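This report refers to the structure that appears directly beneath it.
The values are calculated or read from the model by the stated rules, or taken from the named source; none is laboratory data. Predicted, not measured: the structure shown is a model, and the values here were computed from it. All Cβ positions, even for glycine, are placed from backbone atoms using ideal geometry, and neighbour counts span all protein chains on display.
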Amino acid sequence: MKNLTRFSICFVLSIYAALATADDEKKVAEPKQASDEEVKLSDNEKAFQELLTKAKLVGKFTIDGQDTSKLAEEEYTISRISKTPEKDLWVFMARVKYGDKDYTVPLTLTVKWAGDTPMITLTDLKILGQGPFSARVLFHNNKYAGTWSHGEVGGHLFGRIEKEDPKEKPEKK
């Protein structure tokens, strides 16, 4: 159960749609990737791309109904994100580390906007024959927070965004 929960958190933060199997009912088709020149980004989208490119998400998560006094730290490394020509879809190149698993994978994620605040969304997606996974994760001022669920198990997540190179830290708005 502990590894399964860590697995679901990895996907809550940055590892969702591209791993759906072909027989999943809610499979998300991988959109055509485009260069930055092909997709015109708004100022907010440019800031989001800068925030999460060459970034590490370092945080903690809760499990509903369990003790929250000793939360384990989790890390997820994102080498690059880019918007696709398809509305609201972004490709995240993410390194996933949980248990004895360690791999880098391109992920196609839906990003919605609440004003100037980006939010990754996922609803009832089956991943690698498991599921459903759902999440809402907001990003603001070098921090992230949200909710996650994997079937009947769920909770909250939160943490900070660290840039790989400290000289590249985005400015606070």
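Output yes when any residue across the range 17-25 is closer than 24 Å to His140 by Cα, aliphatic (A, V, I, L, M) and at pLDDT 55 or above, and no when none is.
no
Right, Ser134: at pLDDT 85 or above and loosely packed, with under 13 Cβ neighbours inside 10 Å or not?
In short, no.
Cβ-Cβ distance below 8 Å, separation of 6 or more or different chains: which pairs start in the range 101-113 with a residue that is without any contact (Cβ under 8 Å) to a residue 40 or more places away in the chain and end on one that is of a type in the set (A, V, I, L, M)?
Correct list of pairs: Asp102/Val96; Tyr103/Val96; Thr104/Met93; Thr104/Ala94; Thr104/Val96; Lys112/Met119.
Of the residues Asp102, Asp67, Asp88, which single one is surrounded by fewer than 16 Cβ atoms within 10 Å (Cβ to Cβ) and closer than 16 Å to Val137 by Cβ?
Asp88
When you scan the range 90-97, do you find a residue that is more than 15 Å from the chain's Cα centre (by Cα) and modelled with pLDDT of 75 or more, even just one?
No, the range 90-97 contains no residue that is more than 15 Å from the chain's Cα centre (by Cα) and modelled with pLDDT of 75 or more.
Which residues, counting only those in the range 42-77, are at pLDDT 90 or above, part of a strand (DSSP E or B) and either among the polar types (S, T, N, Q) or out of contact with any Phe, Trp or Tyr (no Cβ under 6 Å at 6 or more places or on another chain) (or both)?
Matches in the range 42-77: Ala55, Lys56, Val58, Lys60, Phe61, Thr77.
Just for the range 109-126: of the residues that are surrounded by fewer than 17 Cβ atoms within 10 Å (Cβ to Cβ) and in a strand (DSSP E or B), which one is nearest to the chain's Cα centre (by Cα)?
Here the residue is Thr121.
Show the residue pairs meeting these rules: Cβ distance below 9 Å; 6+ apart or different chains; first residue within the range 68-80 and within 8 Å of Ala94 (Cβ to Cβ); second residue part of a loop (DSSP other than H, G, I, E, B) and at pLDDT 85 or above.
Correct list of pairs: Thr77/Lys54; Ile78/Thr53; Ile78/Lys54; Ser79/Thr53; Ser79/Lys54.
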